[in-house]
Amino acid sequence: MKKKSKIFKRSKNPGVALFILLTSLIVLSLLIKDLMQTSSVQANRARNAADRIQALYTARTATNLARIFLIFDAFMDKQNKANASDSINDLWNQALPFPVPIKAIQSFMQQMQGDNVVTPQDDSAESVDNEDIMKKCEDFFADFNGEATAKTTDLSSLLYLNYMNDIDDPKQDNFNTLLALLSPNDDFRRALSARNLNPETIVRQIRDYADADDFDESKSPENLPYLSMRLDYGPKNRIFTNLDELKLVPIVDDELFDYLSHYVSAFKNSPGMPPRAKPGKINLNTVSKDLFQALLTIPGSEEMAERFIKDRQEKKTIYTEANFSSLLKEKFGLEKTDIRTNLLTGISDAFKIETDATVNQVQLRLETFIPRTPGQSKVEPPALVRVSP
């Protein structure tokens, strides 16, 4: 009887069983929630990975469209070598979207065919065919997931940092041009002085970082600025691979880097790629006002640079290898001693294509450096490709 009463008493106390049940339900709920969260995170990662792959291929497609424009421009220059030039009015110097709007393709084709193209009437058979083709193209891209825009920059419009050593730049044209860029006016010099920065020291450190020797002009070790800042590295003593390396030069802070990035370039060609012309030619058709001012060796350089840019914009002046000296003298009275003619050209041998792609929540930028040999109708394979982030 006692045993039965104990069993009976246990069955009459459901609190423990209820507690165990509730605890089990809570633990089970937490496990299910954690599993759902983990599954959701994994699914999002998989979607993001797929979107990133699609964004990368979309960016590559837009980049290749920009390369086609460069190839076409090189082909046109080869047909007319005497007047070959690269200017801001060329087809490559425009943003290229992908997918490409159908109307933009039509406009481009008409531009290529010339002004003598007769536009068919809306009721003609040819117009109907064109509309049908446009509709098919629009339907093809209707459910396309993602977009990209490619913009080409002429690297020959910038000062090339890899040719600042005495061998490649014996006249120190690159050195002095960079020095002038850091001394455009009194206000700029005072701003540098307030930060204890000297233009000539800046230029020397940039040159010493990439030249082959270990000593500066005063025969002092080039690594002294690095040691004084307790950096665990010294000058590279090899050419810049990309512009970001400029930040490794001790004297170059973020503000100075942001300024110089608008006027200088630095990249290394892949093995087998043709080298850039030495000491690093600057295209008069695409050069900025500030860099043109730095190329001048005369008083009143700022006013002369403004005249040059105004003439190029309003009169659409095009400079070629054959005529730039005569045009500079005729239009502005500039003699060969008034400007660093050793750095001047009218054609370009290197470009950078920056492509921004978006697919759903994924955004990335593809940077592609394209060398080109002037006088040839082909464009070399990319010298350097970088994806960020």
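A few remarks follow.
- Loop GluC sites (Glu not before Pro), region 286-389, which have at most 14 other Cβ atoms in a 10 Å radius of their Cβ (DSSP): Glu335
- Rounded to the nearest 5, the antiparallel percentage of DSSP beta bridges internal to the chain is 90%.
- Here the 3J(HN,Hα) profile of region 369-377, calculated from phi with Karplus coefficients 6.51, -1.76 and 1.60 at θ = phi - 60°, is 9, 10, x, 8, 8, x, x, 10, 8 Hz, Gly and Pro shown as x.
- Local electrostatic count, Ile26, Cβ distance below 13 Å [Lys/Arg +1, Asp/Glu -1]: 0
- Separation of the Ile298 and Glu217 label points, Cα + 7 Å toward Cβ, nm: 2.6
- Cβ-based net charge around Ser193, under 13 Å, with every Lys or Arg adding one and every Asp or Glu removing one: 0
- For region 191-342, averaging the sequence separation of C-alpha pairs within contact (under 8 Å, six or more residues apart) and dividing by the residue count gives a relative contact order of 15 percent.
- Backbone amide hydrogens, once placed in the peptide plane, bring Ile370 within less than 5 Å of Phe351, Lys352, Ile353, Ala383, excluding anything fewer than 5 places away on its chain.
- Note on region 306-379: Kirkwood radius taken over Cα pairs, Stokes-Einstein applied at 20 °C and 1.002 mPa s, translational D equal to 138 µm² s⁻¹.
- q = 0.12, 0.20, 0.24, 0.29 Å⁻¹, region 281-345: log10 I(q)/I(0) [Debye, one scatterer per Cα]: -0.24, -0.71, -1.10, -1.82
- Nonlocal amide H pairs with Ile282, under 5 Å, H built at 1.01 Å: Leu344, Thr345
- Rounded to the nearest Hz, the phi-derived 3J(HN,Hα) couplings of region 175-185 under the Karplus curve 6.51 cos²θ - 1.76 cosθ + 1.60 (θ = phi - 60°) are 4, 6, 5, 5, 4, 5, 4, 8, 9, x, 7, where x marks glycine and proline.
- The chain, helix-only ellipticity at 222 nm - DSSP H runs n ≥ 4, -39,500 (n - 2.57), divided by all residues, nearest 500: -15000 deg cm²/dmol
- Here the Karplus curve 6.51 cos²θ - 1.76 cosθ + 1.60, taken at θ = phi - 60°, turns the phi angles of region 55-62 into couplings of 4, 5, 5, 5, 5, 5, 5, 5 Hz, with x standing for Gly and Pro.
- Percentage of interatomic Cα-Cα distances in region 252-389 larger than 26 Å: 38
- Degrees between helix 102-113 axis and first principal axis of the chain (Cα, 0 to 90, nearest 10): 20
- Relative to its residue count, the chain spans a Cα convex hull of 286 Å³ per residue.
- Folded to 0 to 90 degrees: helix 2-11 orientation relative to the chain principal axis, Cα: 40
- Neighbours of Gly375, meaning other residues whose beta-carbon lies under 9 angstrom from its beta-carbon, give a summed charge of +1 when Lys and Arg score +1 and Asp and Glu score -1.
Bear in mind that the values in this text are calculations on the coordinates, not laboratory data. All values derive from a computational prediction rather than experimental measurement. With ideal geometry, Cβ positions are generated from the backbone for all residues, glycine too; neighbour counts draw on all protein chains shown.
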